[in-house]
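*Asks:* There's a structure below that I have some questions on.
The values are calculated or read from the model by the stated rules, or taken from the named source; none is laboratory data. Here the structure is a predicted model, which means the values were calculated and not measured. Here the Cβ positions follow ideal geometry from the backbone for every residue, glycine too, while neighbour counts run over all protein chains shown.
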């Protein structure tokens, strides 16, 4: 019998994390992640969380402590946002190269200056090359399910990489939605205890991370790449298994919505991805043959699925981020997936930076511009005062 | 306790990549002997990350995890919590860092770990420079010393890391020196027996960094203590107790030797002696050292 919890994205993420029974949580508060760590602290007080919550003095130390804890063979979890994620950057690389299956929520928030706490995905995007797997969620239910799925994914013996679960500031982190919860027993059965591939153990005195010459270093990079490639299949398998067990499904690497017979496919992530469904419904009613492929995983990137979709449709990409000097990050990746293999046209839009609202009406406007052949290769939607 | 009474077991194995006369390896041998095999060590960027030798080999017979430069103390907090959650709270967790990783880039994480009462031993081997990157200035570099980033000599006096640590009011802190292995051993054993955060700093004269012969490491350490450039002490229950020659200097039972007697053997100070003696700076060094000891007497006697 599943229970329904009505709460904000952050409290839902805290609940999911605690149900995975991490032994160590190390975290530092930052808006809008704060209520996530407060949620964990409340579970410490209530006794529901039996692990250790280390209140560190910075995000750099949060990730360093998670690395130390994970290296002893146990499960560790953290959460951050924006500048906190950027401060962690060095240790994000470290966690991935050390092959430690740490799970972290990142609440996508604007980077300063100027100070701004609203939704923007440039923080997560800028960690593209750290080796972390990256999810972008579009509902609180998806946050809950993805946190639990992420431990299984990260700890899989063929993956052994950390996972970042991204969701938009306030739009999800501070908005209450009903979420179906499995029982603790069900989670325990579905998510077995971590079996570490290596750990710090006085019975087996090994030195980790010492000087590595170029051929060996190149091998470990290739091994990480192999693991991300393997994860493409595993993410889908885990999502299907979750559906079979709990009846909920948010897609694999992509969530496809009304893509059958579509001549145009809209690609978006996070909260814009959820809003896009309304826009698709409206445009379908008007007879426009358009579907949505919501990108759930930025890493590994679903190049194969996108290429497949491009065989039958042109692509429209909305990015709530900008790789300054080039274009939106997802747009860039999408074009890379098509290169030399597809004749589809691709249109890119930058929208919603700095937390600007992107309602379904605006999404429809962007899509229609592309459908009507009036969109440029890359456009900034609704840019004011330039 | 005499040298011959130290445990015979060696966790510091032959074949390391250390320079001849390296003080870090001398100290590590004693650390391993004092703490035993049920120890886990985390090492940030520092000479030891090289000394431990190349993958797939290691010269350390205890589990060791390398970590980023500023992260040793935070990683130790995580290791300690991870072990405790598995019922392995009896394993000694050590962060082993140089003065760069302690005084400068790692001071925030260290302060955090001390404040949140992590049960570990933080050991700083202080060779007064960034030696691994090739002799650059650190917060521990003494006044007037040449480094590759203080070419005419450092223009500031070093900070007192030990006193910064004491301001955290942790259960135990100590200053030691590689030249006094029995004293170091005893301080390590005491640290191991106490729960909570412990800090031990070891004076570690570096032959290539300080520009002296590789056969004079021990002598340079002894002279650092005898000249009062370095003090041996313990801090326990908010009380500082000087020991060895430092105690005698503090109590004015012996005079400290002139710093000049120590630094004239070190190439890093050669610009103070030739082509012409830099009387002004040598005087500043002696006066500053006297001031430091007057303050020690006021605070700790």
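*Asks:* Out of curiosity, is residue B:27 assigned to a helix (DSSP H, G or I), within 15 Å of residue A:65 (Cα to Cα) and at pLDDT 95 or above? Break it down stepwise before answering.
*Replies:* Values: assigned to a helix (DSSP H, G or I): yes; within 15 Å of residue A:65 (Cα to Cα): no; at pLDDT 95 or above: yes.
Taking the combined requirement at face value, the residue does not satisfy it.
*Asks:* How many residues are part of a loop (DSSP other than H, G, I, E, B), surrounded by fewer than 16 Cβ atoms within 10 Å (Cβ to Cβ) and either modelled with pLDDT under 95 or in contact with a helix residue (DSSP H, G or I) (Cβ under 8 Å, 6 or more places away or on another chain) (or both) when one looks only at the range A:324-342? Give the steps one after another, and end with the answer.
*Replies:* Of all residues in the range A:324-342, those part of a loop (DSSP other than H, G, I, E, B) come to A:324-328, A:339-342.
Adding the requirement that they be surrounded by fewer than 16 Cβ atoms within 10 Å (Cβ to Cβ) leaves A:324-326, A:339-341.
Cutting the leftovers down to either modelled with pLDDT under 95 or in contact with a helix residue (DSSP H, G or I) (Cβ under 8 Å, 6 or more places away or on another chain) (or both) gives us A:326, A:341.
Residues in the range A:324-342 being part of a loop (DSSP other than H, G, I, E, B), surrounded by fewer than 16 Cβ atoms within 10 Å (Cβ to Cβ) and either modelled with pLDDT under 95 or in contact with a helix residue (DSSP H, G or I) (Cβ under 8 Å, 6 or more places away or on another chain) (or both): 2 in total.
*Asks:* For residue B:100, are the conditions met, namely being more than 7 Å from chain A (Cβ to nearest Cβ) and either part of a helix (DSSP H, G or I) or within 20 Å of residue B:173 (Cα to Cα) (or both)?
*Replies:* It is true that residue B:100 is more than 7 Å from chain A (Cβ to nearest Cβ) and either part of a helix (DSSP H, G or I) or within 20 Å of residue B:173 (Cα to Cα) (or both).
*Asks:* Can we say residue A:43 is without any contact (Cβ under 8 Å) to a residue 60 or more places away in the chain, surrounded by fewer than 24 Cβ atoms within 10 Å (Cβ to Cβ), more than 14 Å from every other protein chain (Cβ to nearest Cβ) and touching a helix residue (DSSP H, G or I) at 6+ places or on another chain (Cβ under 6 Å)? Before the answer, list the steps.
*Replies:* Working: without any contact (Cβ under 8 Å) to a residue 60 or more places away in the chain: yes; surrounded by fewer than 24 Cβ atoms within 10 Å (Cβ to Cβ): yes; more than 14 Å from every other protein chain (Cβ to nearest Cβ): yes; touching a helix residue (DSSP H, G or I) at 6+ places or on another chain (Cβ under 6 Å): yes.
Spelling it out, residue A:43 is indeed without any contact (Cβ under 8 Å) to a residue 60 or more places away in the chain, surrounded by fewer than 24 Cβ atoms within 10 Å (Cβ to Cβ), more than 14 Å from every other protein chain (Cβ to nearest Cβ) and touching a helix residue (DSSP H, G or I) at 6+ places or on another chain (Cβ under 6 Å).
*Asks:* Is it the case that residue B:95 is within 8 Å of another protein chain (Cβ to nearest Cβ) and either closer than 26 Å to residue A:70 by Cβ or touching a strand residue (DSSP E or B) at 6+ places or on another chain (Cβ under 6 Å) (or both)? Walk me through how you get there before you give the answer.
*Replies:* Working: within 8 Å of another protein chain (Cβ to nearest Cβ): no; either closer than 26 Å to residue A:70 by Cβ or touching a strand residue (DSSP E or B) at 6+ places or on another chain (Cβ under 6 Å) (or both): yes.
Answer is no for this residue.
*Asks:* Could you please let me know if residue A:121 is under 25 Å from residue A:96 (Cα atoms), at pLDDT 95 or above and crowded, with 17+ Cβ neighbours inside 10 Å? Steps first, answer last, please.
*Replies:* Details: under 25 Å from residue A:96 (Cα atoms): yes; at pLDDT 95 or above: yes; crowded, with 17+ Cβ neighbours inside 10 Å: yes.
So residue A:121 passes the test.
*Asks:* Going through the range A:57-73 one residue at a time, which ones are over 25 Å from residue A:119 (Cβ atoms), touching a helix residue (DSSP H, G or I) at 6+ places or on another chain (Cβ under 6 Å) and either surrounded by fewer than 24 Cβ atoms within 10 Å (Cβ to Cβ) or more than 7 Å from chain B (Cβ to nearest Cβ) (or both)?
*Replies:* A:57
*Asks:* Let me ask another. For residue A:173, state whether it is assigned to a loop (DSSP other than H, G, I, E, B), touching a strand residue (DSSP E or B) at 6+ places or on another chain (Cβ under 6 Å), closer than 19 Å to residue A:78 by Cβ and assigned by TED's automatic domain parsing to the domain that holds residue A:118. Reasoning before the result, please.
*Replies:* Working: assigned to a loop (DSSP other than H, G, I, E, B): yes; touching a strand residue (DSSP E or B) at 6+ places or on another chain (Cβ under 6 Å): yes; closer than 19 Å to residue A:78 by Cβ: yes; assigned by TED's automatic domain parsing to the domain that holds residue A:118: yes.
Here the answer is yes, as residue A:173 does meet what is asked.
*Asks:* Would you confirm whether any residue within the range B:126-135 is under 23 Å from residue B:21 (Cα atoms) and at the interface with chain A (Cβ under 8 Å from one of its Cβ atoms)? Talk me through it step by step, then tell me what you get.
*Replies:* Just the residues of the range B:126-135 that are under 23 Å from residue B:21 (Cα atoms), to begin with: B:126-135.
Pick out the ones that are also at the interface with chain A (Cβ under 8 Å from one of its Cβ atoms) and you get none.
Within the range B:126-135, not a single residue is under 23 Å from residue B:21 (Cα atoms) and at the interface with chain A (Cβ under 8 Å from one of its Cβ atoms).
*Asks:* Same structure, new question: All but one of (1) surrounded by 20 or more Cβ atoms within 10 Å (Cβ to Cβ); (2) away from chain A (no Cβ under 12 Å); (3) not in a helix (DSSP H, G or I) hold for residue B:157, so report the exception by its number.
*Replies:* Only one criterion in (1) surrounded by 20 or more Cβ atoms within 10 Å (Cβ to Cβ); (2) away from chain A (no Cβ under 12 Å); (3) not in a helix (DSSP H, G or I) is unmet by residue B:157, namely (1).
*Asks:* Could I ask something else about it? I need a count of the residues in the range B:52-89 that are surrounded by fewer than 23 Cβ atoms within 10 Å (Cβ to Cβ), at the interface with chain A (Cβ under 10 Å from one of its Cβ atoms) and either assigned to a loop (DSSP other than H, G, I, E, B) or at pLDDT below 95 (or both).
*Replies:* Total satisfying the criteria: 11.
*Asks:* Related question: Is it true that residue B:48 is modelled with pLDDT of 95 or more, in contact with a strand residue (DSSP E or B) (Cβ under 7 Å, 6 or more places away or on another chain) and either assigned to a loop (DSSP other than H, G, I, E, B) or within 8 Å of chain A (Cβ to nearest Cβ) (or both)? Please lay out each step first, then the result.
*Replies:* Values: modelled with pLDDT of 95 or more: yes; in contact with a strand residue (DSSP E or B) (Cβ under 7 Å, 6 or more places away or on another chain): yes; either assigned to a loop (DSSP other than H, G, I, E, B) or within 8 Å of chain A (Cβ to nearest Cβ) (or both): no.
Against the criterion (modelled with pLDDT of 95 or more, in contact with a strand residue (DSSP E or B) (Cβ under 7 Å, 6 or more places away or on another chain) and either assigned to a loop (DSSP other than H, G, I, E, B) or within 8 Å of chain A (Cβ to nearest Cβ) (or both)), residue B:48 does not qualify.
*Asks:* Within 16 Å of the chain's Cα centre (by Cα), in the same structural domain as residue A:206 (by TED's automatic domain parsing) and part of a helix (DSSP H, G or I), is that true of residue A:106?
*Replies:* Considered against the rule, which asks whether it is within 16 Å of the chain's Cα centre (by Cα), in the same structural domain as residue A:206 (by TED's automatic domain parsing) and part of a helix (DSSP H, G or I), residue A:106 comes out as no.
*Asks:* Next up: Would you say residue A:211 is without any contact (Cβ under 8 Å) to a residue 12 or more places away in the chain and touching a helix residue (DSSP H, G or I) at 6+ places or on another chain (Cβ under 7 Å)? Please lay out each step first, then the result.
*Replies:* Details: without any contact (Cβ under 8 Å) to a residue 12 or more places away in the chain: yes; touching a helix residue (DSSP H, G or I) at 6+ places or on another chain (Cβ under 7 Å): yes.
In short, yes.
*Asks:* Would you confirm, using the coordinates I've provided, whether residue A:163 is in contact (Cβ under 8 Å) with a residue 60 or more places away in the chain, outside the structural domain of residue A:272 (by TED's automatic domain parsing), more than 11 Å from the chain's Cα centre (by Cα) and crowded, with 22+ Cβ neighbours inside 10 Å? Spell out the reasoning first.
*Replies:* Details: in contact (Cβ under 8 Å) with a residue 60 or more places away in the chain: yes; outside the structural domain of residue A:272 (by TED's automatic domain parsing): yes; more than 11 Å from the chain's Cα centre (by Cα): no; crowded, with 22+ Cβ neighbours inside 10 Å: yes.
Considered against the rule, which asks whether it is in contact (Cβ under 8 Å) with a residue 60 or more places away in the chain, outside the structural domain of residue A:272 (by TED's automatic domain parsing), more than 11 Å from the chain's Cα centre (by Cα) and crowded, with 22+ Cβ neighbours inside 10 Å, residue A:163 comes out as no.
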